[in-house]
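Engineer: Handing you a structure now.
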Amino acid sequence: MWIKPQGYSEIISPEQDIVNLDHIRRELISPGTAKFDTCTCFHCNSIFHVSARMRPEDIGGLCKTCMRPICPKCLDKPCTPWEKQMEQLENKIERDRAVRAYSV
Amino acid sequence: MPNFTVVNTTFAVAGAGNAQGALTGTYKSLITVGNSTTPTNPNFTGGGLRRGRLYDILIGTNATPADAYVEWDVERITSGTSTFAVAITAGGLSSVSSALELDVADPYGAVNGILINSSVETTFSSGNEVFYVGVNQRASYRWVAAPGSEIVWPANTSATGNNGLSGRARSGGTPTATMMWIFSE
């Protein structure tokens, strides 16, 4: 699976160290600059890091409903794009006002 | 959409937030942004709701180098009005319209309320973490989003939830955390 990078991150460390990425995995980095591509989950809008030569099954997945990359945490959840969730949150106030206005 | 930059090292004045403090084992909110119907910017009377897009995060510590583990995250928050009561009073960070824009030609300042180094932790729900990295205290970290891949928060009030973001940090040591955001709205 080919994912076009949706972000870029750098860790600048003076010594070899283990970093925790996204609560999902730990990686050993060398002294200097460690670089990672990042991807933005289309469902929850969270950022997850992608290392070089990473197995596709560890990166996350491709939602077959919206055909967008999603993070590993959203793999077993239904397709609910974050854009749609925001519209529902933003419209809820207006919808509640309309219900109250038209209710008997 | 105008772009803004916020650092938790400055504006330690009444109404904008607090001075930097040492981290503890409990998450501390360093930068908090969110929408509120209470006017946060005098140029937008009656309050304004606007989506924000966080696309650049720079983090590090300004403590004496030591080997301690620091966890950094960005959480979606449901801000109570009390959380932003500090920011929206006179002298609040978001009303300092000339100090936050990357382009000084943008005249109006940020619509969203902004609070740095909050002394009152914001309300958030578990599972709403959108960014996390755990690194050594000696390390610094930067993330930049490609256009269209930013962390976005909606233009709604706390009544419907998830109306803002909070950048936080905690550590087993006691370094002083520094966080810089660049966002647009």
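The values are calculated or read from the model by the stated rules, or taken from the named source; none is laboratory data. Remember, it's a predicted structure, so these values are computed and weren't measured experimentally. Backbone-built Cβ (ideal geometry, glycine too); neighbour counts: all protein chains shown.
Engineer: Give the residues of the stretch A:27-48 that are more than 8 Å from every other protein chain (Cβ to nearest Cβ) and not hydrophobic (A, V, I, L, M, F, W, C), sorted by residue number.
Structural biologist: If the condition is that a residue be more than 8 Å from every other protein chain (Cβ to nearest Cβ) and not hydrophobic (A, V, I, L, M, F, W, C), then A:27, A:30, A:31, A:32, A:33, A:35, A:37, A:43 are the ones that fit.
Engineer: Separate question: Restricting attention to the stretch A:8-29, report how many residues are assigned to a loop (DSSP other than H, G, I, E, B) and touching a strand residue (DSSP E or B) at 6+ places or on another chain (Cβ under 8 Å).
Structural biologist: Of the residues in that region, 5 qualify.
Engineer: Tell me, which strands (runs of 3 or more DSSP E) lie completely within the stretch B:129-171 with 2 or more residues that are at the interface with chain A (Cβ under 7 Å from one of its Cβ atoms)?
Structural biologist: In the stretch B:129-171, the matching strands (runs of 3 or more DSSP E) lie at B:140-145, B:151-153.
Engineer: Can you name the residue in the stretch B:112-149 that is of a type in the set (Val, Ile, Thr) and at pLDDT 75 or above and, of all such residues, is nearest to residue B:175 (Cα to Cα)?
Structural biologist: Once the filter is applied, the top-ranked residue is B:135.
Engineer: Next question. Anything in the stretch B:126-157 that is in contact with a helix residue (DSSP H, G or I) (Cβ under 7 Å, 6 or more places away or on another chain) and small (Gly, Ala, Ser)? List them, or say none.
Structural biologist: Scanning the stretch B:126-157 gives a single hit, B:155.
Engineer: Continuing with this model, one more query. Of all residues in the stretch A:61-88, count the ones that are in a loop (DSSP other than H, G, I, E, B) and within 9 Å of the chain's Cα centre (by Cα).
Structural biologist: Qualifying residue count for the region: 1.
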